[in-house]
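The next block holds one structure in the form of structure tokens; read it before the comments.
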Amino acid sequence: MGTTASQLRKDLLSEYQELTFLTKQEIILAHKRFSELLSKEDRNIPTPRVPMEKVLSLPELKSNPFRKRICHVFSTSDMKDGSLTFEDFLDLLSAFSDSATLEIKSHYAFRIFDFDDDGTLDGGDLEKLVNCLTGETDDTRLTTEEMRQLISNILEESDIDKDGTVNLSEFQHVISRSPDFVSSFKIVL
Amino acid sequence: KPEVLSPEELEKLKEEVDERKKLISTLRGKPWPMRKKLLTLRESHEFVEKYEGALGKGKSRKLYAYKVMMLKKWMKFQRDFENFKTACVPWEMKIKEIESHFGSSVASYFIFLRWMYGINMILFGLTFGLVMVPEALMGRPYGSMPRKTVPRADEANAMDFAVLWDFGGYAQYSVLFYGYYNSQRAIGWLKFRMPLSYFLVGVGTVAYSYMVVIRTMARNANEDGGGDNNSFNFSWKMFTSWDYLIGNPETADNKFASITTSFKEAILEEQESRKDDNIHLTRFLRVLANFLVLCCLAGSGYLIYFVVRRSQKFALEGLESHSWWERNEVNMVMSLLGMFCPMLFDVISALENYHPRIALQWQLGRIFALFLGNLYTFIIALMDEINLKVNLEEVLKLNMTIWEASLYNGTLGANSTAPPITVHPADIPRGPCWETMVGQEFVRLIVSDTMTTYITLLIGDFLRAVLVRFLNYCWCWDLEAGFPSYSEFDVSGNVLGLIFNQGMIWMGAFYAPCLPALNVLRLHVSMYLQCWAVMCCNVPQERVFKASGSNNFYMAMLLVILFLSTLPAIYTIVTIPPSFDCGPFSGKSRMFDVIQETLESDFPAWFGKVFSYASNPGLVLPFLLLMVLAIYYLQSTSKSYKQANLELKKKLQTVSRTINKVLTLIQYLLYSLCGTLSENLICTKLCDHTSPLPLSLSKKIEKRRVGNTEHIKERATIKFPLLPPAPRPRGATESLGPYQVTSGNQHPVFRGSQTPRDTEYDCCHRCGNGKHFIDRHRPP
């Protein structure tokens, strides 16, 4: 608890304050929660990484259907395994914080929903998205016909240039008109 | 770096430094990973620090450096202040817990409650600090004047709990109510202008409330992103329906179920056209339902009026001869109506068969009308009482002169002046003091309303939960899943109750300065009680309906209530003369005369003249007219902006369609011009790449190679790679300019670019993979 390695340096703290939408207390709390996730050996290496399974055990993420995508989007690991460093974790909290702007939230929401990471939301992405939202059990899923109808309705609404996919600017256009997005796209430790 | 720079270089350097500073301030809004942001930040900081010093030259350098340092300190102070403000916000952990269990719609009620608490704290500060404390500390003490003393007749039971609970006795003759205040113009060694302060605080509370509500509405409206007529129902359901604050698996399951239901419902609605059969029956039922609701409202209004008149009759006969119920009839009836009528409306709305969201809006509208009707009936009945008391005053004034004369009776001759006889203030007869009566009525109403709410909470939620939980073991059917089950938290009902309570505070605060203090206490207790009740006895809602823009909906209601509550208070201030022997305005013909008095005596003469010019109708009317014209102008410009917006959107669609076409054209040209080179490139690309060429493109290449339709038919047997279905461009069947769509296939073909080449397609000989093709034969 008292070793310097497990505490944030003051200059780093002020830099993080400038670069994220979090307050000082929130950053310190994030550091504390992050350190709890680290295993004993990892605590002393300079930039420790927390494996994805441990991140997913956080109560704030446990019930979220997009938890794996969130980890993948914010992870800077070369192995694409969804592991997070403390800075990735801060990026995550900053994008999901109360004071984050609509642009940043919609940017990251787009990346989270883009299941195949190709830069657009096509039919496959939308289908996976709907399946995530309707839960795991079979009786809550939609039938194929309903799915097809739903996806075509969505594309009709959001696809302005009619190329069959929703790109970032179309997505941001739709999201900016939504009154609920900013208040529901929030995670607070 | 040379010390002396030419002016242009200086200018450029300054620009660069400014740009870097701007970059630093916008860094947090960039979607970069933290490493990149950190590096950019450190680099920019270095750059700015290195060159900022060089910018200030000569004598002004020290000043410049000083300015820069002050700016840095100011930014740090601002950041610390923001941190401090966030830490000061109370109940953050409680609300976060509720958010994670129930989602953001239930939590929005508590956030609203906390916001109200903040407003009431400010109102409390104003009334307590500027009205109650000065009078208590610097005014005449209790017992020195008739208005400050309990009358001799009531002294015996002035300390009884029953009397105090009713806000009579000692509670009535204290700083809590209007009647206690003395009308002396300046009190104490500070020469504090008590009547002026009372009047200004009354006006100030209303003005502050208006300002806060309108500012919040404006902020919410900005966040809404400007009302576009386009509603992206399905897209919003898809992208924004998940509540990321949910941390509880049970709530998450509920949310999944609710999302699925809403998807299925929306799809169904979209598919089936409104069935027109039974439209007459539906319409008839809806008219019937509205008629029943109107009857309910009229009935409740009449009931309240009747009860208030009855209580006036009781008051005339003396309150002691009646039972507790009869004494508190008005408050109990109003609270009970507020509790049972919404349930009745709920039952009636089952007749109407609306979509749940529309049914919710109707329900809210009806409850709003009910509360409003009740409140205004109450006020009208109160007005009758006030008029009665005002008339009584005249009679009493006459009686007083007779009583005074009787005091001197027998000790004086007709014309001699005698030393004034000291009479104890408790014995002097006093006027009816309608203002204190009004204040008391409001305070009693608030107290009984609060009690009813808490008791309903305890019985309706807590007792029900306890019964369901423990009787379930020995009951025939599953109580938890079936009939009573646990109650859901009624967000809209609670918010409406909160809004109306605030309305009553605004109405009565002028006549009972203790009301904001009472409300602060009430909200404090409510917060803890309701947080506990929600976590302990409620279950998350099954169907979650966030009325879109509901934030501003409740704010708009609050604004309407604010306006409607201040109307009666303003009316009474302007038209009814204040009581002659109680309150800070006693002796004046109208309450606002205090302003005139202050202008005359406390301000220099020219100020009064300026003020009288400014309040001249000849000046005020043109000003009002100007404001009306400005509103009209702003509205018409906003309409034209909306129109321009729509036009731009249509243009965007056409432009992006054109761009799409141009891009495909360029792709085609590229492949046709680059010949084999591109093929080889394609081949290598395909060998390594997992996703093959889009179907449309490969077909185009084929057509170009083959040259006429016969070959296409011949080649149709070739197995094309299994591709994901290519997104068919909508409107591909429209005529597309340089493209010509041949009938029977969707893909555009170039006319006139068919080369008579004969080739054969086969599997790629490079990797033996059947997935793509390369031409083997070259023409001689």
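Any read-out appearing in this document is the output of simple, stated calculations on the displayed coordinates, not a laboratory observation. It should be emphasised that the depicted structure is a prediction, and the values quoted were computed from it without experimental measurement. Here Cβ is always computed from backbone atoms with ideal geometry, including for glycine, and neighbour counts include all displayed protein chains.
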Next item on the list: Kindly write out, for the range B:495-506 in residue order, the coupling ³J(HN,Hα) from the Karplus curve 6.51 cos²θ - 1.76 cosθ + 1.60 (θ = phi - 60°), rounded to whole Hz, with x marking Gly and Pro.
Entry: 5, 4, x, 4, 4, 5, 4, 4, x, 5, 4, 4
Margin query: At a 10 angstrom cut-off on C-beta neighbours, averaged per residue, how do the peptides B:474-483, A:117-126, B:502-511 rank from highest to lowest?
Written below: B:502-511, A:117-126, B:474-483
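Could you work out the helix-only [θ] at 222 nm for chain A, with each DSSP H run of four or more residues adding -39,500 (n - 2.57) and the total divided by the number of residues, to the nearest 500 deg cm²/dmol?
Values: 11 runs with 102 residues, N = 189.
Estimated from H runs of four or more residues: -15500 deg cm²/dmol.
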Check: Hey, how many Å between the Cα centroid of the range A:103-158 and the Cα centroid of the range A:65-96?
Finding: 20 Å
Next item on the list: Would you work out which of B:Ile348, B:Val308, B:Met332 lies farthest towards the positive end of the dipole of the range B:293-353, given +1 charges on the beta-carbon of Lys and Arg and -1 on that of Asp and Glu, about the Cα centre?
Entry: B:Val308
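What average count of beta carbons from other chains do you get within 10 Å of the Cβ of residues in A:58-65? The partial results should precede the final answer.
Numbers: counts 1, 4, 6, 2, 5, 12, 7, 5.
The mean count of partner-chain Cβ atoms within 10 Å per residue comes to 5.
Let me spell out the model: positive unit charges on the Cβ of Lys and Arg, negative unit charges on the Cβ of Asp and Glu, origin at the Cα centre of the range B:616-670. What dipole size does that give, in debye rounded to 20? Intermediate values should be presented prior to the final figure.
Details: 7 positive and 1 negative charges, 68 e Å.
It works out to roughly 320 debye.
How crowded by other chains is A:141-153, given as the mean number of beta carbons from other chains within 10 Å of each beta carbon?
On the way: counts 1, 4, 2, 0, 1, 6, 2, 0, 7, 8, 2, 1, 10.
Per residue, the average neighbour count from other chains is 3.
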Item checked: Interchain or long-range residues, amide H under 5 Å from B:Leu245's placed H -> A:Lys186
Next item on the list: Mind jotting down the distance between the C-alpha centroids of the range B:497-513 and the range B:594-617, whole Å?
Entry: 32 Å
Notebook entry, point to check: Summing Lys, Arg as +1 and Asp, Glu as -1, what charge do residues with Cβ under 14 Å from the Cβ of B:Val594 carry, B:Val594 excluded?
Noted result: 0
Next item on the list: With an 8 Å cut-off on Cα pairs and a minimum separation of 6 or more residues, tell me the relative contact order of the range A:101-183 in percent.
Entry: 35 percent
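Which order do peptides B:17-23, B:300-306, B:367-373 fall in by mean Cβ count within 10 Å, highest first?
Numbers: B:17-23: 15.0, B:300-306: 16.9, B:367-373: 18.6.
With the highest mean Cβ count within 10 Å placed first, the list reads B:367-373, B:300-306, B:17-23.
Taking Cα pairs under 8 Å and at least six residues apart, what relative contact order does chain A come out at, in percent? Intermediate results must be reported in sequence, preceding the final value.
Working: 194 pairs, mean separation 36.4, N = 189.
Over chain A, the number comes to 19 percent.
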Checklist line | Cross-link pairs B:Lys37/B:Lys85; B:Lys255/B:Lys650; A:Lys62/A:Lys128; A:Lys32/B:Lys50 - those with Cα-Cα distance over 30 Å | finding: B:Lys255/B:Lys650; A:Lys32/B:Lys50
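Over 18 Å between Cα atoms: which of A:Lys54/A:Lys80; A:Lys24/B:Lys67; A:Lys105/A:Lys186 fall into that group? List each step's numbers first, then the result.
Numbers: A:Lys54/A:Lys80 16 Å; A:Lys24/B:Lys67 26 Å; A:Lys105/A:Lys186 9 Å.
Over 18 Å apart, Cα to Cα: A:Lys24/B:Lys67.
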Check: For the peptides B:340-348, B:433-441, what is the packing order when you average, over each peptide's residues, the other Cβ atoms within 10 Å and list the highest mean first?
Finding: B:433-441, B:340-348
Next item on the list: Evaluate peptide B:19-31: per residue, the Cβ atoms of other protein chains within 10 Å of its Cβ; return the mean as an integer.
Entry: 3
Next item on the list: Report Rg/Rh for the range B:2-88, rounded to two decimals, where Rg is the Cα radius of gyration and Rh the Kirkwood radius.
Entry: 1.05
Check: What relative contact order, as a whole-number percentage, does the range B:2-88 give when Cα pairs under 8 Å and 6 or more residues apart are counted?
Finding: 27 percent
Margin query: Over the Cα atoms, compute the radius of gyration (one decimal) and Dmax (the largest Cα-Cα distance, rounded to a whole number) for the range A:42-169, in Å.
Written below: 16.6, 54
